[in-house]
Number of protein chains: 4
Amino acid sequence: MVNVGRIDLRSDTVTRPTPEMRRVIAEAEVGDDMFGEDPTINRLEQRVAEMLGKEAAVYACSGIQSNQMALRAHCSSGDEILLDGSSHIFYYEQGAPAALHGVTCRLIDGEGGIFRADQLEGMIHGHDQHESITKVVCVENTTNRGGGRPWPLQAFCEVADWAHARHLAVHVDGARLFNACQAAGYSPREFCEFADTVSICFSKGLGCPMGSMLVGSRPMMARARRARKLFGGGIRQGGMMAASALYALEHNVERLKDDHAHARWLAEKIARIPQLSIDLKAVATNIVIIEIAQEWGTADRFVELLQREGVLVLAFGRQKIRLCTHLDIPGDCLPRVVEAFQTVAASSYD
Amino acid sequence: MVNVGRIDLRSDTVTRPTPEMRRVIAEAEVGDDMFGEDPTINRLEQRVAEMLGKEAAVYACSGIQSNQMALRAHCSSGDEILLDGSSHIFYYEQGAPAALHGVTCRLIDGEGGIFRADQLEGMIHGHDQHESITKVVCVENTTNRGGGRPWPLQAFCEVADWAHARHLAVHVDGARLFNACQAAGYSPREFCEFADTVSICFSKGLGCPMGSMLVGSRPMMARARRARKLFGGGIRQGGMMAASALYALEHNVERLKDDHAHARWLAEKIARIPQLSIDLKAVATNIVIIEIAQEWGTADRFVELLQREGVLVLAFGRQKIRLCTHLDIPGDCLPRVVEAFQTVAASSYD
Amino acid sequence: MVNVGRIDLRSDTVTRPTPEMRRVIAEAEVGDDMFGEDPTINRLEQRVAEMLGKEAAVYACSGIQSNQMALRAHCSSGDEILLDGSSHIFYYEQGAPAALHGVTCRLIDGEGGIFRADQLEGMIHGHDQHESITKVVCVENTTNRGGGRPWPLQAFCEVADWAHARHLAVHVDGARLFNACQAAGYSPREFCEFADTVSICFSKGLGCPMGSMLVGSRPMMARARRARKLFGGGIRQGGMMAASALYALEHNVERLKDDHAHARWLAEKIARIPQLSIDLKAVATNIVIIEIAQEWGTADRFVELLQREGVLVLAFGRQKIRLCTHLDIPGDCLPRVVEAFQTVAASSYD
Amino acid sequence: MVNVGRIDLRSDTVTRPTPEMRRVIAEAEVGDDMFGEDPTINRLEQRVAEMLGKEAAVYACSGIQSNQMALRAHCSSGDEILLDGSSHIFYYEQGAPAALHGVTCRLIDGEGGIFRADQLEGMIHGHDQHESITKVVCVENTTNRGGGRPWPLQAFCEVADWAHARHLAVHVDGARLFNACQAAGYSPREFCEFADTVSICFSKGLGCPMGSMLVGSRPMMARARRARKLFGGGIRQGGMMAASALYALEHNVERLKDDHAHARWLAEKIARIPQLSIDLKAVATNIVIIEIAQEWGTADRFVELLQREGVLVLAFGRQKIRLCTHLDIPGDCLPRVVEAFQTVAASSYD
Ligand SMILES: [Ca+2]
Ligand SMILES: [Ca+2]
Ligand SMILES: [Ca+2]
Ligand SMILES: [Ca+2]
Ligand SMILES: [Ca+2]
Ligand SMILES: [Ca+2]
């Protein structure tokens, strides 16, 4: 089942560490992080806190973990959060807001995962005892189910201002924040200035084997650190994994623009295939959402046939598939991807 | 603050027991229900179970309690339920699905609280570990925020069939089930046949001081009974309150048609007031939703001015108010209500 | 199954309202308490708050409910409470601290449910991320499983001082607080001065069909009121039940000394039966714990045979039974109870 | 803050990967474990499942995580588990049973963490609605707070039989299971035969940077895998860390007997210091609990002074300290440890 010759566009999580990254991991200085003594984790936490302009940071095992650490730091049982209906936190974290914290999700009907401050009007709850208490507005940048769109700085700023003026906290699920920064032209720090907590992932576009980071104020990070322990996310000599993240911040951020160019190139070519359509102006980073004409058949079937051609992608609902470019997809394999899409699209269903 | 002369249309929960009901309460035979020995509660549970065609029933303190007993019987932490976005369970129960059980609400965008089976297509979750596990479809009948509409039997039957075919349970929040039956012409038993659990309320249109009932299969009711105890809903000589429910089932069900006629009469009169509009075909039971023209001002202000005229109603969002007819609103006070609406509508804002 | 001729000593919860109490219930002035407009509930809340020397009070359906409202007001998920291992809150509330709030119980090994401040030494947790965070010390007065003992004022005062000096809250489960006051000679107000929150029950010694009360500071009671709603404990025209409590506070407090005298009388008589033994100095209120000699057989069997003699009591573990005197046990039936114990004790075990 | 010259006996978690282990990590074959495609994780899961004689295994980030995955697989909110009062699960996992699952801990008063089947008699709860429902008996082997004692096979077998006969599950927290096997002479498979689920840790005596494993039946492991994802324990190219575990199972299990010999040697020497005492017959593996005479002063002070001598240990309550031998403590540094203890013990308090 290992991918000899296959082109894996299912997710940017599938990247494997390069020889250079493996060397850095092997040589990492480590200590017991449960005693606060892993020098590489400490260095990484400090580095990311500075980079995103926050007081403190906590290393975590995954993006779900860092998001849920944030929610546990912000909320109590019976509270609620406002977030787009397509959010990873609502859609892909196994109902963790409810299951881990007793927190209700109130959904906003944004466009491609991006919403406007005026859509939040009237959504604050909690003065009445019939209602849960609104505590946080969550923003995902880039939007995963929304097709990898970066939030415009201005739109986010307005949402954050609206929230802060009403004493709500703002959490950013920045699993692909660096993709957003590359595409939208703001720095991580500029964007994060308007957020109270931000989580980022090292295991997606940045190419690390694992790891995430949550940043925020010192008291919030103390709460988040406890939450990490509660979830069993406290690891010992985590410095080996943290070393890969330090390496990635140095070497794999700038190059995200290549993933974006690859995605663009693929989108434009695939959009010309008659049975397929793509909202090209929504393709801004490394994700492409492709709609399959109902006449052709279902996304599940398309995914299956593509796999026979050696190209892996994910079904994203009944008629949509998602592809994702990344570090392990060099430019020269892109034509083969287009060919595979053409072959499958041209084949008759069943 | 007691209502001398005021006409209270805020909710059908405001009804007060009549002298006859008080007499029945005073004379009720009682025992300790925590030992299963309250004869009046036992009689009421048996009566309602038969009436709704289910094996067993559990008396509860309130509609929130009976709904949450049902959810706890059906679900575990990490599960999810499907329900209309305007549902009482999602909107007015303080986020209890998440806060009490760790259960996520996935919302359906119905019309006036009523949705179609085909809208559920593709909503079942849980095969993938990123997702919570879908367990229950909830239906509210009549729909409170939806303006008191009764579910058509056929529509409910299709939803329930869809759910059962996929091994989901069906729960009915029937806080105003008897209103629905009166208006739509089906019997409680006919409607409940398609449901696994149903909760009904005695403290709304039926005019009791308190009390609810949950019905379902014997094993589910055993789980629900435990949940009731957990929530502190186990009461001792509850037979006094149960007696009021037995009385209400005898005397206050048939007369709900008067409340509906009163609501209809008010709706038609108030709809003619220029600054106000009402979706008249949605007025089917004892609830009327009135929209206030933006030029006039906000619902909050309208409610305030109406109160000065001695008429109490509730704001239901920024431009809407809800009024609710009930046992304590005799037909002869209706003209005074219309006058109050006219006076306030005609008054300039500020 | 109704008790014709049987003497029911299982619990002081089995009392049934007297004709006089029924009359008061029937005539109670009521309103919708969810709008804060039930005058009798409002009067009762004010009365009890004053009586116990606290700012505010919230009426609840049961003792479990008022205890859990207190815990939810004091604690968040991941916190812990310190309480005696025999406590009702730990033992008889279905694991509600964990199940409803995510709160851990750390147990103190007191004597008959009463512990000393020095036993708490070293028990405060939470500076280390491996530990849950200690928030509350709970005291039960009188102790139910401890045999109805009243806390000495001095012992409680020392525990409360210890807790407050360490920024812990003190909650009193005063389901039988008035029994404690009668027996120990302090007033409710004197005792409650050292507590942050106190719950009392109307449905035990006071003889009401249902109802409890939680008292404390205004902000804590606002939190508790929300918790009541979450648990489905919000009732509408609850004034009828509140009226019984007002009546009971007037007429049924003083007379608890009769229950105590009856329990004492029974204990002394029953202690002389060879197969049975009683720690007589522990019998201070209306509860008597009787130990059955292993040679005779089990408590379950003893309870069963007693029932055939028309006397109902509860097994309390393998070799113990508990009996409880109350309002519905007049002094003249006590000899019959002793006879029944003698008869059963003398009978050989199967 | 890195330990040049210091001897770190605080925990066996402080071990750092050796050059050889680092090489294995660097060369590990990896894939995306969220797609089930990390070959090294798959190999490790299979290897450990076989080794412990179970159908399936799930790799986890930490011992807390694998324990809590097990509890979530076994229990629902409102259930309870039976375990020794000194258990890691109760004491050092931040109240996770309550906080994550709504599960209550009922504590057994064992000896050094080891209890007898007959102590469980009468502890099963749940037939009565006042009680939480007993589901699991947990056993820790070796016992951490109990001083590293291994469970005798016979004692465990009796406990497990008792539990299974009553339809309870048996979970073993085997964070130091291999230490137990070394010391007690049974194989992991022999011991685990009596358990339903077992968690083991790679980051303690085995010397890995991180990682744990849970084993059990296939359906339970499917539930546990979901729980891992919920806690944010799903990592991507985890094979690098899994490779260290495969290496450790090969090279670091046999050598645990050296740690035990070192602990024994230290215990016997330190026990002769007048101000200190050790229960020598309890020293069976790599943990030594040392009691400090009250006249000398507190454990906190002793730990502080030892640190000045370059020896790190942990306070374990007011008068006790724990030391732990491990892979990074070669035999030739042991005399220096004894000297440090002698020096500190001889120094007067302040
Ligand atoms: Ca990766
Ligand atoms: Ca009413
Ligand atoms: Ca939710
Ligand atoms: Ca009673
Ligand atoms: Ca280690
Ligand atoms: Ca607990």
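Details
- Loop-located GluC sites (Glu not before Pro) in the range A:246-350 (DSSP state other than H, G, I, E, B) with a sparse environment of at most 13 neighbouring Cβ atoms within 10 Å: A:GLU254, A:GLU295.
- Short-range pairs are left out: with C-alpha atoms under 8 Å and at least six residues apart, the relative contact order of chain D is 24 percent.
- Peptide A:103-114 is shielded by partner chain Cβ atoms: per residue, an average of 3 of them sit within 10 Å of its Cβ.
- For the range D:63-184, diffusion coefficient by Stokes-Einstein and Kirkwood Rh (Cα), 10 °C, 1.306 mPa s, µm²/s: 111
- Each copy carries a label point for D:GLY122 at 7 Å from Cα along the beta-carbon vector; from one copy to the others these points are 2.7, 6.1, 6.2 nm apart, nearest first.
- Kirkwood hydrodynamic radius computed over the range A:65-121 comes to 11.7 Å, based on all pairs of distinct alpha carbons.
- Teacher prompt: B:LYS281 distances to equivalent labels in other copies, 7 Å Cα→Cβ, nm: 3.6, 8.4, 8.9
- For the range B:207-232, accessible area lost to neighbouring protein chains reaches 50 Å² or more, against the chain alone with a 1.4 Å probe, at B:PRO209, B:MET210, B:ARG226, B:LYS229, B:LEU230, B:PHE231, B:GLY232.
- Descending semi-axes in Å of the range D:18-251, equivalent ellipsoid built from Cα gyration tensor: 30, 20, 14
- Calculated FRET value between D:ASP328 and D:GLU111, using beta carbons and R₀ = 25 Å, to 0.05: 0.20
- Cα-Cα over 30 Å, subset of B:LYS269/C:LYS229; A:LYS229/D:LYS281; B:LYS54/B:LYS257; B:LYS204/B:LYS269: B:LYS269/C:LYS229; A:LYS229/D:LYS281
- Evaluated over the Cα positions of the range C:50-96, the convex hull gives a direction-averaged projected area, one quarter of its surface, of 4.3 nm².
- For the protein assembly as shown, the dipole from Cβ point charges (+1 on Lys and Arg, -1 on Asp and Glu) about the Cα centre works out to 0 debye, to the nearest 20.
- Per the Debye calculation on the protein assembly as shown with a single equal scatterer at every Cα and no solvent contribution, log₁₀ I(q)/I(0) for q = 0.05 Å⁻¹ amounts to -0.41.
- Heavy-atom accessible surface that B and D bury in contact, both chains counted, 1.4 Å, Å² to 100: 1200
- Solvent-accessible heavy-atom area per residue, rounded to whole Å², over the protein assembly as shown at 1.4 Å: 34
- Applying both filters, DSSP loop and at most 11 other Cβ atoms within 10 Å, to the GluC sites (Glu not before Pro) of the range C:86-123 gives C:GLU121.
- Scattering curve values for the range B:151-195, log₁₀ I(q)/I(0), Debye with Cα scatterers, q = 0.24 Å⁻¹: -0.82
- Among A:PRO19, A:PRO97, A:PRO330: highest mean-square fluctuation, GNM of chain A, C-alpha pairs under 10 Å: A:PRO19
- Fraction of antiparallel bridges per DSSP, the range D:1-143 only, in percent to nearest 5: 10
- Beta bridges from DSSP with both residues in chain B: antiparallel share about 50 percent, rounded to the nearest 5.
- Per-residue ellipticity at 222 nm, computed for chain D from helices alone with -39500 (n - 2.57) per DSSP H run of at least four residues, works out to -11500 deg cm²/dmol.
- Cβ-vector label at 7 Å, D:SER348, separations to other copies in nm: 7.5, 9.2, 10.2
- By Cβ position, the chain D residue that hugs the axis carrying D onto C most closely, with its distance in whole Å, is D:ALA98, 2.
- Couplings 3J(HN,Hα) for the range B:226-243, derived from phi with the Karplus relation 6.51 cos²θ - 1.76 cosθ + 1.60 (θ = phi - 60°), are 4, 4, 4, 4, 4, 7, x, x, x, 10, 8, 8, x, x, 4, 6, 4, 4 Hz, where x marks Gly and Pro.
- Average beta-carbon neighbours from other chains, 10 Å sphere, peptide C:24-37: 5
- Take each residue in C:123-133, count the other chain C-beta atoms within 10 Å of its C-beta, and the mean is 5.
- Cα gyration tensor shape of the range D:1-105, rounded if a/c is under 1.5, else prolate or oblate by comparing a/b with b/c: oblate
- Note on the range D:255-346: Rg/Rh from Cα positions, Kirkwood definition for Rh, rounded to two decimals, is 0.93.
- A Gaussian network model of chain D, with springs between Cα atoms under 10 Å, assigns the largest mean-square fluctuation among D:ASP109, D:ASP33, D:ASP128 to D:ASP128.
- In the range A:262-327, the trypsin sites (Lys or Arg not before Pro) that fall in loop regions by DSSP, at most 15 other Cβ within 10 Å: A:ARG272, A:ARG318
- For the range A:148-276, the percent of C-alpha pairs falling in each 5 Å distance bin, counted from 0 to the bin holding the largest distance, reads 2, 9, 15, 18, 18, 15, 11, 7, 3, 2, 0.
- Whole-Hz couplings from phi, Karplus 6.51/-1.76/1.60, listed for the range D:194-209; x for Gly and Pro: 8, 10, 8, 9, 9, 10, 10, 10, 9, 8, 9, x, 7, x, 7, x
- Carbon plus sulfur fraction of accessible area for the range B:255-346, probe 1.4 Å, in percent: 50
The values are calculated or read from the model by the stated rules, or taken from the named source; none is laboratory data. Keep in mind that this is a model prediction, so the values were computed, not measured. Don't worry about glycine lacking a Cβ; one is built from the backbone with ideal geometry, like all the others, and counts go over all protein chains shown. Ligands, DNA and RNA are stripped out before the accessible areas are found, and what is left, the full protein with its side chains, is counted by its heavy atoms. Shrake-Rupley method; radii C 1.70, N 1.55, O 1.52, S 1.80 Å.
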